[in-house]
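Following: one structure in structure tokens, then a few remarks.
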Amino acid sequence: MGSLNNAARRHAEERDTSLPDFSAGGGASSLDRSMATARRGTIAFEGVEKTYASAGAAVHALKNITIDVPGGSIFGIIGRSGAGKSTLLRTVNRLERTTSGKVIVDGTDVGVLDEEGLVILRRRIGMIFQHFNLLSAKTVWRNVALPMIVAGFPRVEIDKRVAEALSLVGLEGKEDTYPSRLSGGQKQRVGIARALVHHPEILLCDEATSALDPETTLSILRLLKDINRRLNLTIVLITHEMSVIREICDHVLVLDRGQVAEAGPVWQVFANPSHDATRALLKPLDRDIPEDIAVRLRPAGDRASKGTLIELAYTGEGGLEPDIAAIAAAAGAPVRLLQSSVDRIQGHVHGRLLVIVNSTDSALIETMNHLANRVRVLGHVGNDV
Ligand SMILES: Nc1ncnc2c1ncn2[C@@H]1O[C@H](COP(=O)(O)OP(=O)(O)OP(=O)(O)O)[C@@H](O)[C@H]1O
Ligand SMILES: [Mg+2]
């Protein structure tokens, strides 16, 4: 880590002589104050209402939302377009003010904070976006450093934090690169590094993977999960992709027309949706997985999980074929073929296999990746499957 920091510092000095020395600034004391607060990352919505006044009729975007987000959890928010997801998320760092009701972050009512309190709060809450929101004329280093430069941190601290954050998201060595030279996944990694540079307790993600292809989505989700576990960071995540929720969330909140339709642990809500809105949202998943299996899926990390449900998809590219022996060898554990829909079209294999591997090893995907055009984990199962 030390050499990494030195390398990053050297980079910064060589590259950016215009960066002011903020060592006399007041940023560090603000940080100390915010760090002194218990790092729990809990959020409580208490009777939250939001009404937007508009030229025509007022829009009642949030109606009496009362729910707790446990600290250290990955909390998904789903709902149809216009359900109020972004509005609710943005009340957490007060980008939106509630019309009534309270949002409490670690015991602090965010509605009563003064300007200074709000600045401190926002350092404790990172945010990432669908379109990354990077500054195209600034290097990766500058993009990540920016929140700390604005906050007036000493140069040496900025160097240390930026190096740490870039290392965490796997972008060491990209300090001098401009965003236009990065892939979508790399840009989102820069966005995540920037969001983490203040060591926040909470990370808000508004459709952070919607602009990415499925493979990149998976790598970003893995990164988010890794960050959640390593830093004990609370992640609140909005997505339209139900597979994303199933892949990484612990809890899910279903919003319908501004109201809580239902909420609970993902495995419970997905296995037994009680609201029409939830059932409608989950429809695309039903087509993925046989119903008897779908109702028994468990969240990743569930202690009762014994096996992993994996989909291998074949698109005809690269001459990949469903080779059962190779799949079993790569899995390194007993494999059951659950479903197959494979066709040969003009000599190319199209379709997919669903298999259950008797292992919950998170490295399964890597070992099986080369066997099909797309390999993904659909969920985990216990002994009852
Ligand atoms: N600034 C605003 N002024 C007026 N109405 C707004 C404003 N922002 C959101 N709304 C309205 O509030 C409701 C909730 O919007 P919100 O953006 O929270 O929905 P969403 O669930 O995030 O939808 P999407 O999935 O499309 O992003 C919608 O009816 C929207 O039109
Ligand atoms: Mg939205």
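Each reported figure results from applying straightforward, stated rules to the coordinates on display, with no laboratory input. The model shown is predicted, which means the values in this text are computed figures rather than measured ones. Note: ideal-geometry Cβ built from the backbone for every residue, glycine included; neighbour counts use all protein chains shown.
Count charges around residue 174 for me, please; just the other residues with Cβ under 10 Å from its Cβ, Lys/Arg as +1, Asp/Glu as -1. Net local charge, residue 174 excluded: -1.
Residue 331 sits among other residues whose Cβ lies under 13 Å from its own Cβ, and their net charge, with Lys and Arg +1 and Asp and Glu -1, is -2. The charge dipole of the chain, taken about the Cα centre with unit charges on the Cβ atoms of Lys, Arg (+1) and Asp, Glu (-1), comes to about 340 debye, rounded to the nearest 20.
Between the alpha-carbon centres of the range 173-189 and the range 348-369 there is a gap of 30 Å.
Of the GluC sites (Glu not before Pro) in the range 165-270, which ones lie in a loop per DSSP and count no more than 14 other C-beta atoms within 10 Å?
The qualifying sites are 172.
Looking at the chain, the DSSP beta bridges with both ends there are about 70 percent antiparallel.
Filter 63/102; 283/306; 63/225 down to the pairs with a C-alpha to C-alpha distance above 20 Å, please. Please list the in-between numbers first.
Values: 63/102 12 Å; 283/306 26 Å; 63/225 30 Å.
Over 20 Å Cα-Cα: 283/306; 63/225.
Here the label points at residue 344 and residue 119, each 7 Å from Cα along the C-beta direction, are separated by 7.0 nm in the simple model.
Residues of the range 170-201 with an amide N closer than 18 Å to a point placed 7 Å from the Cα of residue 157 along the Cα-to-Cβ direction: 194-201.
Ranking request for peptides 154-163, 47-56: highest mean number of other beta-carbon atoms within 10 Å first, then the rest in descending order. Could the numbers behind the result be given before it?
Values: 154-163: 21.0, 47-56: 12.7.
Sorting 154-163, 47-56 by mean packing, highest first, produces 154-163, 47-56.
If you take every residue apart from residue 129 with its C-beta less than 14 Å away from the C-beta of residue 129, what net charge results, scoring Lys and Arg +1 and Asp and Glu -1? Please list the in-between numbers first.
Numbers: positive: 85, 90, 187, 189, 194; negative: 206, 207.
Within the 14 Å Cβ shell, the charges total +3.
Taking a point 7 Å out from the Cα of residue 317 in the direction of its Cβ, the residues of the range 357-374 whose backbone N falls within less than 20 Å of it are 365-374. Okay, which of the range 349-373 sit inside 14 Å, backbone N to the point 7 Å along the Cα-Cβ direction of residue 213? Answer for the range 349-373: 373.
Distance from the Cα centroid of the range 55-71 to that of the range 104-170 is 26 Å (rounded to whole angstrom). Using a simple spin-label model with pseudo-atoms 7 Å out from Cα toward Cβ, residue 131 and residue 226 lie 2.9 nm apart. Based on C-alpha pairs under 8 angstrom that are at least 6 apart in sequence, the chain has a relative contact order of 17 percent.
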